[in-house]
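Chemist: Right, I'll just put the structure down here and ask away after.
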Amino acid sequence: MVAAADMLSAHLSAERGNTAGIRRDVDRAEMSVIEVLESMHALRVAIGDVEDEE
């Protein structure tokens, strides 16, 4: 998963004191996690486990 690589990159940026790098990497990790959650929800809707929120 890309989020794990981005979090490792954020950790390495933190060790170097690179605040801009930390923000960039954490933002990318968050987007990856959001995409996974949205996809999981869409699959649950498709199989009828939950109703669509829209």
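Read-outs: derived from the displayed coordinates by stated rules, not from any lab. Model, not experiment: these values are computed from the prediction. Note that each Cβ is placed from the backbone with ideal geometry, even for glycine, and that neighbours are counted across all protein chains shown.
Chemist: Calculate, in whole percent, how much of the Cα-Cα pair population of the chain lies beyond 12 Å.
Modeler: 66
Chemist: Please give the charge dipole size of the stretch 2-46, origin at the Cα centre, charges +1 on K and R Cβ atoms and -1 on D and E Cβ atoms. Round to the nearest 20 debye. It would help to have the intermediate numbers written out before the result.
Modeler: Working: 5 positive and 7 negative charges, 9 e Å.
Charge dipole of the stretch 2-46: 40 debye, to the nearest 20.
Chemist: Where does the chain land at 222 nm, in deg cm²/dmol rounded to the nearest 500, when only DSSP H runs of n ≥ 4 count, each adding -39500 (n - 2.57), divided by all residues?
Modeler: The helix contribution divided over the chain gives -27500 deg cm²/dmol.
Chemist: Can you find, among Leu43, Ala10, Val33, the residue sitting farthest towards the positive end of the charge dipole of the chain, where Lys and Arg contribute +1 and Asp and Glu -1 at Cβ?
Modeler: Highest projection toward the positive end goes to Ala10.
Chemist: Right, here's the next one. Provide the FRET efficiency to the nearest 0.05 for the Glu53-Val33 pair, computing r from the beta carbons and using R0 = 22 Å.
Modeler: About 0.75, to the nearest 0.05.
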